[in-house]
C-alpha cells in the first residue's frame, strides 16, 4: 500500500497513521478493529495512543451497541482542520509537480 502524502510528509507514526486512516474514511463509522487494520498498526500501538487521540478530540463516538463503539473523525476539531488544510496544500503541490513533469515530457 502506498503511503499517503500526509504520512510521507509527517512521517510514519501510529497517531498519524490513525488520523490518516480516519481522513481517508471521513464521514464513516469505524470500529477500533477497523482502525487497526486500516491504519496498519498493532492493537498495542492503538491502545497506547488511544487515550491521547480521544483526549485531543480527534474522534467522536457515533454509535454504540453492546460494548462496541463506532468512531468517526471529528472534522470540527482545530487539529484536524489544520491537518486537512495541510493535506490540501500537499495535494495541490503534488498536482502542480505532476503538471510540470507532464508538460516537460
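Data overview
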{"quantity": "Bins of 10 Å from zero: percent of alpha-carbon pairs in the chain", "calculated": "14, 44, 27, 11, 4, 1"}
{"quantity": "Fewest-first ranking of 20, 96, using other Cβ atoms within 10 Å as the exposure measure", "calculated": "96, 20"}
{"quantity": "On Cα atoms only, tilt of 78-104 relative to the major axis of the chain in degrees", "calculated": "30 degrees"}
{"quantity": "Distance between modelled label sites at residue 25 and residue 55, nm, 7 Å Cα→Cβ extension", "calculated": "2.4 nm"}
{"quantity": "Exposure proxy ranking, count of Cβ atoms within 10 Å, fewest first, for 4, 42", "calculated": "42, 4"}
{"quantity": "Cβ-based exposure ranking for 9, 47, 21, 16, in which fewest neighbours within 10 Å come first", "calculated": "47, 9, 16, 21"}
{"quantity": "Relative contact order computed over the chain (Cα-Cα under 8 Å; 6+ residues apart), in percent", "calculated": "26 percent"}
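The numbers here are math on the coordinates, done by the rules we state, and not lab data. Predicted model, so just to flag it, every value in this text is computed and none were measured. Note that we place each Cβ from the backbone using ideal geometry, even for glycine, and neighbour counts take in every protein chain shown.
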